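Here is the structure we will look at, set down as structure tokens.
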Amino acid sequence: MNRHAFDWSREWQTESDPEKLLAAVPNVRGLDRRLRLFACASVRQVWHLLPSDTRSAVEVSERLANGGATPADLRAAAVRLYWIRNTPSQIAIEAAGYASGGFLGVAPPARSLPLEYDPRLAARLAARAEASAAVGPAPPLVTPNWHHKWTCAYQEARAGQANLVRCLFPPPGFPSQLPPQWRSSTVVALARQIDATGNFASLPILADALQEAGCESDPLLQWCRMPGINQVRGHWVVDCVLDRL
């Protein structure tokens, strides 16, 4: 898919495959940071399947993306992965490993293997874990009905991840810098508050402040006002206001 062919009103809003969206994202400043945040946000879809030490490691990875942790901190938070990964929880833990890098996989006979950071694989594994948890373990003889339910659950999880991409990346062609007059003191203060607290319920208020400052950008205003899908660190509108794009 040609990223230049994307249109805000059609493909970018409706595409449900996060891989296609990631192939089309603009080469914004801090691309690696956004990919890491995407991986961590995808793993948060299966947060309920993760033990506390793995959750802590994902949180360290998020802090690393935002400059609040170091690679040494991430290594210190390493969790052990097991050679056999069949249950939803085991798959989710593997997703967390690929969402951070620096984790250690333990393979028989107890030799350590490095696990590479791979945000796309982390997202696919998180979707697999979510689908497996929703549908249940595969029967000894996989039936078409079970396979259909699992595939639908997987696609639903991936559609949720596509929304995460749209939260983290501006639409292709969107200018990375806002006109100075849109970045009023109120707008900047609200963006900083959202960034510091993670209270994304304030995004519609940010949209109102932007509009009062003269903003007429539909993609920017609409994405702040879309309910239920904007709960992610590194939101592109917030970062645009804070001059991080």
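Data for the structure
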| read-out | value |
| --- | --- |
| Top of 53, 17, 118 by mean-square fluctuation, Gaussian network on the chain, Cα under 10 Å | 53 |
| HN-Hα J in Hz across region 36-49 - Karplus 6.51, -1.76, 1.60, θ = phi - 60°, x for Gly and Pro | 5, 5, 5, 4, 5, 5, 5, 5, 5, 4, 10, 4, 5, 8 |
| Given the chain, longest segment not containing exposed loop GluC sites (Glu not before Pro) (DSSP; at most 15 other Cβ within 10 Å) | 1-115 |
| In nm, spacing of pseudo-spin labels at residue 134 and residue 10 (7 Å Cα→C-beta vector) | 2.8 nm |
| Length gained when the stretch residue 142-residue 155 is fully extended (0.36 nm per residue, less Cα-Cα span) | 2.8 nm |
| For region 180-241, alpha-carbon Rg and Dmax in angstrom | 10.3, 29 |
| Longest DSSP-loop-exposure-free segment, trypsin sites (Lys or Arg not before Pro), the chain, at most 14 other Cβ within 10 Å | 30-245 |
| Residue of 232, 28, 58 that the Gaussian network model of the chain assigns the largest fluctuation, springs spanning Cα pairs under 10 Å | 28 |
| Label point distance in nm, residue 189-residue 55, each placed 7 Å from Cα along Cα→Cβ | 3.4 nm |
| Fraction of antiparallel bridges per DSSP, region 14-168 only, in percent to nearest 5 | 60 percent |
| At R0 = 22 Å, FRET efficiency that the Cβ-Cβ distance of residue 66 and residue 222 yields, to 0.05 | 0.30 |
| Taking region 124-245 and dividing mean pair separation by its residue count, relative contact order in percent (alpha carbons under 8 Å, at least six apart) | 29 percent |
| Efficiency of FRET between residue 29 and residue 212 - r from beta-carbon atoms, R0 22 angstrom, step 0.05 | 0.20 |
| Rounded tilt (10° steps) of 185-197 against the dominant C-alpha axis of the chain | 10 degrees |
| The chain - Kirkwood radius from inverse mean 1/r over Cα pairs (Å) | 19.0 Å |
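Only the coordinates and a few stated rules stand behind these numbers; no lab work does. The structure presented is a predicted model; accordingly, all values stated were derived computationally and were not measured. Neighbour counts run over all protein chains shown; Cβ positions are idealised from the backbone, glycine included.
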